[in-house]
């Protein structure tokens, strides 16, 4: 569009400050008015219920808590500083030693770190000395198993194939 022309869609389609088509990162758009034309209200003074202030302990992209404290291992008695550790350990708040330990105390409970879930589970959820919980290990094994020779569909859909061809 030319600079001097005026049309009703110039601000909406042209990407102006009131554009509804563009994305407004970091700003909330509030709509006012009733009827076929809605007027956006950007920023302004939203009600406290609509836009609560950001909490000071909100996680950022790096996994660090914004309060300035570096991530630490969550195992009781450990508290290793994970700021220089690999991103995986920092993100899941577990040091390398405790991620592979058979038993640790977290939140007062005896637990083990699951490699599949990247979370701590209580010990009964694991088989013997395995590092993955039964639920995730079952899914992993099912995906790994090769279908028997001659079957057209995976074992997961075995009932379906017998009803289709029977």
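We did not get these values from a lab; they are worked out from the coordinates using the rules stated. Source: prediction; values computed, not measured. Cβ atoms come from the backbone with ideal geometry, glycine included; neighbour counts cover every protein chain shown.
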* Sorted by packing (mean other beta-carbon atoms within 10 Å per residue), highest first, where do 85-97, 129-141 land? -> 85-97, 129-141
* Asked: Given labels modelled 7 Å from the Cα in the Cβ direction, how far is it in nm from residue 117 to residue 143?
  -> 1.7 nm
* Structure fact -> Two pseudo-spin positions, 7 Å from Cα along C-beta at residue 103 and at residue 88, lie apart in nanometres by 2.6 nm
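Quick check: residue separation of residue 76 and residue 110 times 0.36 nm, minus the Cα distance between them. What number comes out in nm?
Numbers: separation 34, 0.36 × 34 = 12.24 nm, distance 1.04 nm.
Gain in length upon complete extension: 11.2 nm.
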* Structure fact -> Rounded to whole angstroms and listed largest first, the alpha-carbon spread of the range 62-140 along its three principal axes comes to 39, 25, 18
